[in-house]
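What follows is a single structure, written as structure tokens, with notes after it.
The values are calculated or read from the model by the stated rules, or taken from the named source; none is laboratory data. Everything quoted here is computed from the prediction, not taken from an experiment. In this analysis, Cβ positions are derived from the backbone assuming ideal geometry, glycine residues included, and neighbour counts consider all displayed protein chains. Accessible surface is based on the protein model in full, side chains and every heavy atom, while ligands, DNA and RNA are left aside. Shrake-Rupley method; radii C 1.70, N 1.55, O 1.52, S 1.80 Å.
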Amino acid sequence: MTTKSTTTEATNTSTPERIAIAGAGLLGRLLAWQLNQAGIDVTLFEAGSFTITNPQSNRAAAFTAAGMVAPLSEAVVSDAGVYRMGQFALGHWPQWVKQLIDTSACSPNDELFFNKGSLVVAHPQDTAELEQFERELKFVIPECRHYQRVTQSQIHELEPDLSQHFQHGLFLEEEGHLHNRRFLHQLGEAILHSNIHLREHSQVSVSPGKVSFDGISENFDLVIDCRGIGAKPQLKQLRGVRGETLHVQTTEIQLQRPVRLMHPRYQLYVVPKPDNFFVIGATQIESEDRSPVTLQSSLELSSALYTLSPAFAEARIIEMDSNLRPAFMDNLPKVTVANGLITANGLFRHGYLLAPAVVENILAHVLQRGEPVFSDILNRH
Ligand SMILES: Cc1cc2nc3c(=O)[nH]c(=O)nc-3n(C[C@H](O)[C@H](O)[C@H](O)COP(=O)(O)OP(=O)(O)OC[C@H]3O[C@@H](n4cnc5c(N)ncnc54)[C@H](O)[C@@H]3O)c2cc1C
């Protein structure tokens, strides 16, 4: 059977029956799951290991990510389009989490998505950084009302363990965060228990209607390329942007929501995870070096963490992780729809923030579910 050849043609052709997805990171897993739920025969190819008993064995940036869904904070470093897609994500993630719980063996008690906002703070000597953040926020989204300045007593109400160190902050009430590794694990379980054909340890190349591995090519009605930075050999405009994180564990401090520390030299975020874990991030370095975290980065992240709260002093460093964010020159995601091949890439530092927009855009193209969302941004040439 034939697949659609362009966005316009898509409405006139029938839905593909056999779809291959290359890459089982964030986009690949979400698309495989959604297309399978829509009754499509899906084959999912992954270069590394599919399960995450050892997070280092899967090189998807999705496992390194902190899982923040932060439209306001990310708008400050991008643009209003990212903000709009991020707002869409805040409505979408709870629906996906509910769908996953309703349709899989996933326990309803496993909390995956949190809508508790985020807090931005600066030490008194760095107040100018906080003020600049607010000015940039107003500049990018002049109409934004979803944040408020908070005083020490309000910080105490939000995060009692932080209040003694900070007199001013911004509460970005519209932001959320995911327990992303847990979500990816649950989604992985749903995929393993579905009739999706899973091919791990398969580093593939793709072309319209065709996936090739180890000198053998297989034909499909449609191929969706979700290989992140792994697509670089075929997408020359793509670049990797190195990011490093620390994972620490402590019972000395509790946080309800992501906290960002504004600092003149290094900016830091801390995202609470289950079992008293915290993800500390992240460096952003224009380098495609995937080697382990450097001493300098670990010093910067850990000393900034200590200045956020000395209660982190006794935290145990459980893991250090580094990975590449896949980015185009404009740091915006792109979905290219061509004959037999859809390419989705460039989610940069906004994977969880933008995945709902990107996935729904692709589903609309493939399943002919009305106008693709955000096509002005995602399907640009
Ligand atoms: C340090 C850090 C922190 C981040 N924090 C956040 C955050 O808080 N919030 C947020 O929204 N985003 C965050 N991100 C960004 C987010 O992780 C990425 O944007 C997102 O993971 C990109 O999704 P993807 O599916 O395109 O690629 P990936 O998640 O990288 O998945 C690509 C998959 O393709 C596989 N693959 C590669 N090549 C091949 C091949 N040839 N054949 C088969 N399979 C292949 C890979 O093994 C991988 O599994 C962060 C990223 C980093 C590095």
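Things worth noting here:
- Degrees between helix 127-140 axis and first principal axis of the chain (Cα, 0 to 90, nearest 10): 40
- Separation between Cα centres of the stretch 104-130 and the stretch 351-367, rounded to whole Å: 24
- Within the assembled protein chains, the solvent-accessible surface assigned to Phe278 is about 10 Å², based on a 1.4 Å probe.
- Computed over protein heavy atoms with a 1.4 Å probe, the carbon and sulfur contribution to the accessible area of the chain reaches 50%.
- Angle between the chain longest axis and helix 180-192 axis [Cα atoms, degrees, rounded to 10]: 20
- Per residue solvent-accessible surface (Å²) - the chain, probe of 1.4 Å: 42
- Here the stretch 27-161 is assigned +1 on the Cβ of each Lys and Arg and -1 on the Cβ of each Asp and Glu. Its dipole about the Cα centre then comes out at about 300 debye.
- Between Asp126 and Thr103, the simple spin-label model (points 7 angstrom out along Cα→Cβ) gives 4.3 nm.
- Of Lys210/Lys232; Lys98/Lys273; Lys236/Lys273, pairs whose Cα-Cα distance is over 26 Å: Lys236/Lys273
- GNM result for the chain, Cα springs below 10 Å: residue of Ser297, Ser287, Ser322 fluctuating most strongly: Ser287
- The convex hull around the C-alpha trace of the chain, projected and averaged over every direction, spans 18.1 square nanometres.
- Quotient of Cα Rg and 2.2 N^0.38 Å for the stretch 200-240, N being how many residues it contains: 1.18
- C-alpha center-to-center spacing [the stretch 23-45, the stretch 215-231] in angstrom: 12
- 10 Å Cβ shell holding at most 10 others, DSSP loop, trypsin sites (Lys or Arg not before Pro): longest site-free stretch of the chain: 1-144
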